[in-house]
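For reference, the structure discussed in these notes is given below.
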Amino acid sequence: MRRMYLLLTLGALLAAGCGGSPEDTTEVLPPAPEAPVQSPPAETPRTAPPVGSGPGAETPVGSGPGAETPGWKLIRHEDFESQALPSPAWVKDPVPDDGPFSDQGSFFAQRGVKAPAAWRISAPFGEQGWLTFESYTRNRDTPFSRLASVVPDPANPNNHVLRLASPAHTDATIVRPSESLSARYRVSLRVGFADFGDGRPGLNGYDSGNETAEPWSTAKSTSQNGFYWLTIMDAQPRPHNNTWIHHRRKVVIDSDNNSPPWMETFDGSRFQLNGEHPVMMFALDGRAQDTELYGPPFLAWSADAWQPSEKIRAVDSYLPGEWYDVSIERNPGSYTLQVSGRFRYGGQKTYRATIDAAASCVWHFKATPEEQAPGCGWPEGEWWPEYFMFGDPHVNYYEGQVLYDDLRLEVWR
């Protein structure tokens, strides 16, 4: 039986972030050998406009004397200086049908789970509405300004930044593009001053210590707390239970402060069992068998290498009062993930990792009808659009706040 199924013995059936128990805390393992091809359960892609129809749509490179020099072109930029955020009203949660793992999807309905009464917000903002806030709460009296607001930069009061917060673990707010991304893009932003727990024994950033992941699980939420720096998803992002999120990710940069720890962090010389302020950089392994509770296993970047499938390993640990530069770049056939800043173990450093999406069968990497996914076991003719997302998407985990700034979207022209 695959190691992922052993995760169920942890007693936290719906791990908010990664979920898992590492087997070896000292040995640095070599890069993963190529896994045998396995066919994950087929999943029908969401209906979406063709990739390239959104704000990041590519245009043909010209020719002749007036032709543009090919390269990255900035098409959208949000610095949160002059943009007044919307003041939307809550509407009763329609419980969106986003597939079997959504809040009232078939996976949970068959188990007698009923989505709780809740409220949602979907509000466009930014130049020509190219961005959208998606929020969820179970307390209608929560002002939207408590979840999303523009505040002074703690490192430079003359600068202004976006603050995303989850006052309760059942609150969730993310930012996404209003339309799907083009086939070749680079999205970047600054992330910093995170306050979503510490991964140490105790409250781990929660208020009471009695928070649970109900109704989708009876597990304690306090064992994990975190946020997404930046991720690429295969469906329109919006707050949902953590299991839904896990099935929709392609490549991820995130943090999950976990206690007791089940994650390994590289300290510059070895892997150690440590869930304090981890920085995870990973792709989802589309060759391995996914699980209903956790989705596909990880291909994590750490110790300057892609780690074996299912190893849950952080590249380093972030420092709470620091800014970091983060980006995800998609080129034909590959993704590149990058994080720069001052880390606990590596000091001032840039971590950059490129993965061959087709060779590694990154989960649902096929973003256009023309792309090929040989050996991945996915139905021919299906493809999955791409959206970026950052913030807290979990409606049953995570409590705290984090800052974002200088969001940029570039395309190749």
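If you check ASP171, ASP198 for being among the acidic types (Asp, Glu), closer than 23 Å to ARG249 by Cα and in contact (Cβ under 8 Å) with a residue 12 or more places away in the chain, only one passes: ASP171.
Residue pairs whose Cβ atoms lie under 6 Å apart, separated by 6 or more positions or on different chains, with the first residue in segment 76-96 and touching a residue at least 24 places away in the same chain (Cβ under 8 Å) and the second surrounded by fewer than 17 Cβ atoms within 10 Å (Cβ to Cβ) and not in a strand (DSSP E or B), are TRP90/ARG140.
Can you find even one residue in segment 115-126 that is over 27 Å from ASN241 (Cβ atoms) and either touching a residue at least 12 places away in the same chain (Cβ under 8 Å) or outside any loop (DSSP other than H, G, I, E, B) (or both)? Checking segment 115-126: at least one residue is over 27 Å from ASN241 (Cβ atoms) and either touching a residue at least 12 places away in the same chain (Cβ under 8 Å) or outside any loop (DSSP other than H, G, I, E, B) (or both). Is there a residue in segment 104-120 that is closer than 21 Å to GLY391 by Cβ and open to solvent by 40 Å² or more (accessible area, probe 1.4 Å)? Yes, segment 104-120 has at least one match.
From the residues in segment 324-334 that are in contact (Cβ under 8 Å) with a residue 40 or more places away in the chain, over 26 Å from PRO154 (Cα atoms) and open to solvent by 10 Å² or more (accessible area, probe 1.4 Å), which one is farthest from the chain's Cα centre (by Cα)? In this case the residue turns out to be PRO332. Residues of segment 369-394 that are more than 30 Å from THR222 (Cα to Cα) and either under 21 Å from the mean Cα position of the chain (by Cα) or of a type in the set (D, E, K, R) (or both): GLU370, GLU371, GLU380, GLU382, TRP383, TRP384, PRO385, GLU386. Taking the conditions (1) touching an Asp or Glu at 6+ places or on another chain (Cβ under 9 Å); (2) in a strand (DSSP E or B) in turn, GLY199 satisfies each one other than (2).
Can you work out which of the residues in segment 356-407 that are charged (D, E, K, R) and touching a Lys or Arg at 6+ places or on another chain (Cβ under 6 Å) is least open to solvent (accessible area, probe 1.4 Å)? Restricting to residues being charged (D, E, K, R) and touching a Lys or Arg at 6+ places or on another chain (Cβ under 6 Å), the top hit is ASP405.
Enumerate the strands (runs of 3 or more DSSP E) found wholly within segment 131-178, keeping only those where 1 or more residues are open to solvent by 50 Å² or more (accessible area, probe 1.4 Å) and not β-branched (Val, Ile, Thr). Once the strands (runs of 3 or more DSSP E) in segment 131-178 are filtered for at least 1 residues that are open to solvent by 50 Å² or more (accessible area, probe 1.4 Å) and not β-branched (Val, Ile, Thr), what remains is 148-153, 156-166. The conditions of being open to solvent by 20 Å² or more (accessible area, probe 1.4 Å), closer than 30 Å to ARG408 by Cβ and assigned to a loop (DSSP other than H, G, I, E, B) are met by GLY321.
The values are calculated or read from the model by the stated rules, or taken from the named source; none is laboratory data. Bear in mind that the values here come from a model prediction, so they are computed numbers and not experimental data. A quick note on method: Cβ atoms are made from the backbone with ideal geometry, for glycine too, and the neighbour counts reach across all protein chains shown. Ligands, DNA and RNA are excluded from the accessible area calculation, which covers all protein heavy atoms including side chains. Shrake-Rupley method; radii C 1.70, N 1.55, O 1.52, S 1.80 Å.
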